[in-house]
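Written below as structure tokens is the structure these notes are about.
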Amino acid sequence: MLKKERILSIDISRGKRDEFVQSISDLGRKKKSSYVCVANAHMLVEAHWSKDFQRVVNEADIVTPDGMPLAKSFKILHGIEQERVDGMSLLPSLLECSIAEKLAVYFYGGSSGLIEHTRSFVEKEFPLLNVVGMYSPPFRYLTEAEETIVIDKIATSGANIVFVALGCPKQEQWMAEMKDKIPAVLIGIGGALPVLIGLQKRAPVWMQKSSLEWLYRLVREPRRLFKRYMVTNTAFLYLLFKEKIITRRVEHGIARQKISDPAIERVDF
């Protein structure tokens, strides 16, 4: 399993993109009841504000560093180089891997229109993909009876990987509730699915590499994303540099202790 490092209050997995793809597919092949969170700055701030949500994310088997702010946080806090492992790139990679390893997939979430577009897209672009089910839940909480039916439908479908598109934090909460109920790996893909199937455009590559993808999305959807980018991203940067200051103080305190503690000096000698 991939190692994790603490970024603010969340343990984020680290490794190369291919290692993430392989680790997720391994969970799916074993049909281990598990889930994967694709974490960005917004998710970490939500986790900071809500201890319950923090627990949900920290109990995930894998938490990918989606977004450049998270990837760069590894260097700032731990001195570790970490590439971005974003949902928009991870999703098609997992579909290709599923074909290569003959893994069955299930799509859960989104509107009925999104599901139909997904069906058409997959049939055209991934004709060899074994899709064992697609389901668009109603925009309300399911009754206990409805939830039982859904769980049984997914559990008996033979799915190895379940792609969950409910949006943050609903999809993470749902996946946590489904752990030990569905024998598959669940991964929250959020807004990656509409981009993959062409309903939304992604930022140009130069903006992705320059950490400006957030600006591209903000310009396209200002009403929906203003609070997320202007408020939560600002909060994330504040919390990150606050954590860095605390880390430095702790490190300097340990260094001073080593200098002043004769017992430690004798061991080092």
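Which residue is farthest from V122 (Cα to Cα), if the candidates are limited to segment 184-218 and must be modelled with pLDDT of 75 or more and small (G, A, S)?
Of everything passing the filter in segment 184-218, A184 is farthest from V122 (Cα to Cα).
Any idea which of S33, S9, S25, S93 is modelled with pLDDT under 95, over 12 Å from the mean Cα position of the chain (by Cα), surrounded by fewer than 22 Cβ atoms within 10 Å (Cβ to Cβ) and of a type in the set (S, T, N, Q)?
Residue meeting the stated conditions: S9.
Take segment 97-116 and flag every residue that is closer than 16 Å to G198 by Cα, surrounded by fewer than 23 Cβ atoms within 10 Å (Cβ to Cβ) and touching a residue at least 60 places away in the same chain (Cβ under 8 Å).
L114
List the strands (runs of 3 or more DSSP E) inside segment 1-77, counting only whole elements, that have at least 2 residues being in contact with a strand residue (DSSP E or B) (Cβ under 6 Å, 6 or more places away or on another chain) and of a type in the set (A, V, I, L, M).
Output list reads 34-39, 62-65.
Do any residues in segment 140-156 that are farther than 17 Å from G109 by Cβ and of a type in the set (S, T, Y) have Cβ atoms under 6 Å from those of residues that are at pLDDT below 95 and in a loop (DSSP other than H, G, I, E, B), where the two are at least six apart or on different chains, and which pairs are they?
none
The values are calculated or read from the model by the stated rules, or taken from the named source; none is laboratory data. Keep in mind the model is a prediction, meaning the values are calculated, not measured. Note that each Cβ is placed from the backbone with ideal geometry, even for glycine, and that neighbours are counted across all protein chains shown.
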